[in-house]
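The values are calculated or read from the model by the stated rules, or taken from the named source; none is laboratory data. Computed from a prediction, not measured in an experiment: that's the story for all the values here. Virtual Cβ from ideal backbone geometry, glycine too; neighbours counted across all protein chains shown. For the accessible areas, the whole protein counts, side chains as well, though only heavy atoms, and no ligand, DNA or RNA atoms are used. Shrake-Rupley method; radii C 1.70, N 1.55, O 1.52, S 1.80 Å.
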Amino acid sequence: MKKTFLLIIFICSLSNLYAQTWAPVGAKWTYSFSSWGFPLTNSPVTIQCVGDTIIQGKACRILHGNLACSFEIDSSYLYCEDDKIFMYIDSVVGFHVLYDFTVSVGNSWTIIAPGNQVGDTSEIVVDSIVTKIINGDTFSVQYVHNLNMHDRWVFPEYIIKEIGNKWCFFPLYSTCDPWTGPIRCYEDSTGILLFSSLTCDTVLYYDNIMEYSMSDRLNVYPNPATNVLNVEYTSFDKSAFFIEILSSTGCRQLILTERKNNFVVSIDKLHRGLYFIKLTNSNGKHVIRKFIKE
């Protein structure tokens, strides 16, 4: 797989004709998607390269996929040239940069939203460029952030050069809830790369996470939150209760106990994305709320 991806990078830089090797037909990206309500599930959702086409003289890949909170739906048209991925945006009748792997640390590139969001732009700044070993293969990774923290379209955390952003192939709407992602796997004719403990087709059912009648006693704010989460829980049970912060895939991120009805939880070390806060009382009953870490 490693040799295959290195070959892809080399071919991509030669010319637009050979850039067709990027995202070969049949390639598929699988992401996690958490349900919007109860019962809570975490299901796979995909983007897939289904064919080729020519637009404005450019040999493009056709990608199908509609991911929640992403600014691109149904069919997308992209091509690779000189370590840049360009996307066709029909509302402005032309190609614009989606990913730019030529940008050095401290510099940026501009993405443009398509469709009825035309005119929306976001500046993506490269914080660092590192290498990551995934399934034994080495990848170049850009850690990025939005120049303007109030931009509506974001590329959270980092971008894997041969694959795309960790959370979604296309930029995500910053205040959408819940975000798609993170990526589970990428596959093409050469094999499968796993980026998560979840397999490509796993569906998780949170059978033990339910909202009880006591749920109206829990208030969590602000939401979205940045560094701290304020928790207000009205309970007649004066014994300690158990608090968990869970990721969108159900992985435990934080554990603590508390006796006070009002308290603050530090979330500054959590990555951006969707989380759940779960409170369990001495009787084993629990209540859960969703929140977004910005």
Across segment 1-23, the tally of residues that are modelled with pLDDT of 75 or more and open to solvent by 30 Å² or more (accessible area, probe 1.4 Å) stands at 0
Give me the residue from segment 29-45 that is surrounded by fewer than 20 Cβ atoms within 10 Å (Cβ to Cβ) and more than 19 Å from residue 186 (Cα to Cα) and, out of that set, modelled with the highest pLDDT. 41
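From the residues in segment 129-152 that are polar (S, T, N, Q) and closer than 15 Å to residue 99 by Cα, which one is surrounded by the most Cβ atoms within 10 Å (Cβ to Cβ)? Outline the logic, then answer.
Just the residues of segment 129-152 that are polar (S, T, N, Q), to begin with: 131, 135, 138, 140, 142, 146, 148.
From what's left, closer than 15 Å to residue 99 by Cα: 140, 142, 146.
Values: 140: 16, 142: 23, 146: 20.
Among residues in segment 129-152 that are polar (S, T, N, Q) and closer than 15 Å to residue 99 by Cα, the one surrounded by the most Cβ atoms within 10 Å (Cβ to Cβ) is 142.
I'm trying to understand the selection: among the residues of segment 84-110, which are open to solvent by less than 40 Å² (accessible area, probe 1.4 Å), closer than 19 Å to residue 162 by Cβ and either outside any loop (DSSP other than H, G, I, E, B) or of a type in the set (D, E, K, R) (or both)? Step through it out loud before you land on a result.
First, the residues of segment 84-110 that are open to solvent by less than 40 Å² (accessible area, probe 1.4 Å): 85-87, 89, 94-95, 97-101, 103, 109.
Next cut, closer than 19 Å to residue 162 by Cβ only: 85-87, 97-101, 103, 109.
If the condition is that a residue be open to solvent by less than 40 Å² (accessible area, probe 1.4 Å), closer than 19 Å to residue 162 by Cβ and either outside any loop (DSSP other than H, G, I, E, B) or of a type in the set (D, E, K, R) (or both), then 85, 86, 87, 97, 98, 99, 100, 109 are the ones that fit.
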Cross-chain or 6+ apart pairs with Cβ under 7 Å, segment 97-108 first and small (Gly, Ala, Ser), then in a strand (DSSP E or B) and open to solvent by 10 Å² or more (accessible area, probe 1.4 Å): 108/123; 108/125
If I ask for residues that are at pLDDT below 85, assigned to a loop (DSSP other than H, G, I, E, B) and open to solvent by 50 Å² or more (accessible area, probe 1.4 Å), which ones from segment 204-251 would you list? 207, 208, 210, 211, 212, 234, 236, 238, 251
Residue ID - modelled with the lowest pLDDT, chosen from residues in segment 278-291 that are aliphatic (A, V, I, L, M) and either surrounded by fewer than 19 Cβ atoms within 10 Å (Cβ to Cβ) or over 23 Å from residue 31 (Cβ atoms) (or both): 287
